[in-house]
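Have a look at the structure below before the remarks.
The values are calculated or read from the model by the stated rules, or taken from the named source; none is laboratory data. Note that the structure is predicted; figures quoted are calculated from it, not measured. In this analysis, Cβ positions are derived from the backbone assuming ideal geometry, glycine residues included, and neighbour counts consider all displayed protein chains. Side chains are part of the model used for accessible areas, which takes the heavy atoms of the whole protein and leaves out ligands, DNA and RNA. Shrake-Rupley method; radii C 1.70, N 1.55, O 1.52, S 1.80 Å.
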Amino acid sequence: MAEHPPFPSPKTRLYVDSPLAEGQAVGLDHERAHFLRHVLRLDKGDVVAVFNGRDGEWLAAIDGFGKGWCSLTVSAQRRPQQGEPDLWLLFAPIKRGRIDFIAEKASELGASRIWPVFTRRTDPNRVNTDRLRANAIEAAEQCERLTVPELSEPVPLDKALAGWPEERTLYLCAEAGHVRPIAEAMRARPRGPAAFLVGPEGGFQQSELDEICKLPFVVPVGLGPRILRADTAVVAALACWQALSGDWTAEDGDTRPPFRSPAV
Ligand code: SAH
């Protein structure tokens with residue numbers, strides 16, 4: 001059973017890229033300083049939660065604001081760092097609004113890596129990974145995970161598959177052909193590092209599907225009888241994986257969300 005953290009949960013959680021330990025000073029850039037001071041109207045002495053993906057979650061008090069900066073002092077650890085599922089998402093970029101949705105939902109659903117890949121029918125030929133990374137960080141802060149997903153630079157699909165780690169199953173979400181339903185296909189595989197591949201709005205070319213399915217680590221899966229939009233398929237596939245073998249399962253200990261004490 002997960003230990004209940006001894007301290008109340010601040011309403012504001014921030015991902016910071018600096019070491020976290022008692023007494024550690026943390027500087028925030030102008031964007032974060034502006035957000036805390038002028039959007040959240042926080043002041044000197046107010047407490048926020050900070051995490052960096054390595055040292056767990058800590059409480060930190062605002063020391064002060066300056067022109068374009070804010071400094072915090074870290075006080076106490078609220079939650080120790082915990083292991084998280086090893087789950088990658090490869091997806092073909094789709095139109096702007098929906099691609100932001102994919103980055104946000106994949107973060108909430110615990111993806112450890114988000115990797116845009118160009119398939120033969122992928123429409124957008126460029127991806128703003130900085131914007132996707134910002135979406136992923138914001139979602140990680142909101143959903144109280146202790147890491148942020150790695151946002152990998154987009155590559156052609158065949159480059160991503162070349163040198164693929166054999167121990168990582170790649171579940172190919174195939175909208176066409178005779179494929180096993182996802183639950184059945186997953187039950188036939190040993191639990192371990194996993195990845196999902198979701199195609200573009202135009203779908204995979206049949207020749208593309210045939211080539212990918214020849215790879216030893218690829219397992220085609222069906223997501224039901226209806227054709228889902230790519231962003232819907234991402235949510236459906238990641239949710240199934242978490243429910244069947246990720247951290248939504250009882251074997252992995254406490255399945256309740258992190259202890260939510262009344263926000264301070
Ligand atoms: N426009 C295409 C569908 C593309 S949907 C057509 O009408 O055929 C975008 C992606 O979502 C697909 O490439 C696939 O990866 C995934 N997907 C959608 N529905 C699915 C289903 N029922 N089973 C498995 N994958 C699905």
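Can you tell me which of (1) touching a Cys at 6+ places or on another chain (Cβ under 8 Å); (2) open to solvent by 30 Å² or more (accessible area, probe 1.4 Å) is the one VAL148 doesn't meet?
(1)
Looking at segment 189-234, which of its residues are within 22 Å of GLU108 (Cα to Cα), in contact with a Ser or Thr (Cβ under 8 Å, 6 or more places away or on another chain) and hydrophobic (A, V, I, L, M, F, W, C)?
Selection gives ALA194, ALA195.
Within the bounds of segment 20-43, is there any residue that is among the aromatic types (Phe, Trp, Tyr) and assigned to a strand (DSSP E or B)?
no
Here's a check for you: in segment 73-90, which residue that is open to solvent by 30 Å² or more (accessible area, probe 1.4 Å) and assigned to a strand (DSSP E or B) is farthest from LEU132 (Cα to Cα)?
SER75
Output the residues belonging to segment 188-208 that are at pLDDT 95 or above and farther than 25 Å from ARG96 by Cα.
Matches in segment 188-208: PRO193, ALA194.
State the number of residues belonging to segment 127-143 that are closer than 20 Å to SER18 by Cα and in contact with a strand residue (DSSP E or B) (Cβ under 7 Å, 6 or more places away or on another chain).
5
Please report, ordered by residue number, the strands (runs of 3 or more DSSP E) entirely within segment 91-206 with at least 1 residues that are among the charged types (D, E, K, R), within 13 Å of the ligand (Cβ to nearest atom) and not assigned by TED's automatic domain parsing to the domain that holds GLY246.
Correct list: empty, since no element meets the threshold.
Name, by its number, the condition in (1) touching a residue at least 12 places away in the same chain (Cβ under 8 Å); (2) within 8 Å of the ligand (Cβ to nearest atom); (3) of a type in the set (D, E, K, R) that does not hold for ARG226.
Among (1) touching a residue at least 12 places away in the same chain (Cβ under 8 Å); (2) within 8 Å of the ligand (Cβ to nearest atom); (3) of a type in the set (D, E, K, R), the lone unmet condition for ARG226 is (1).
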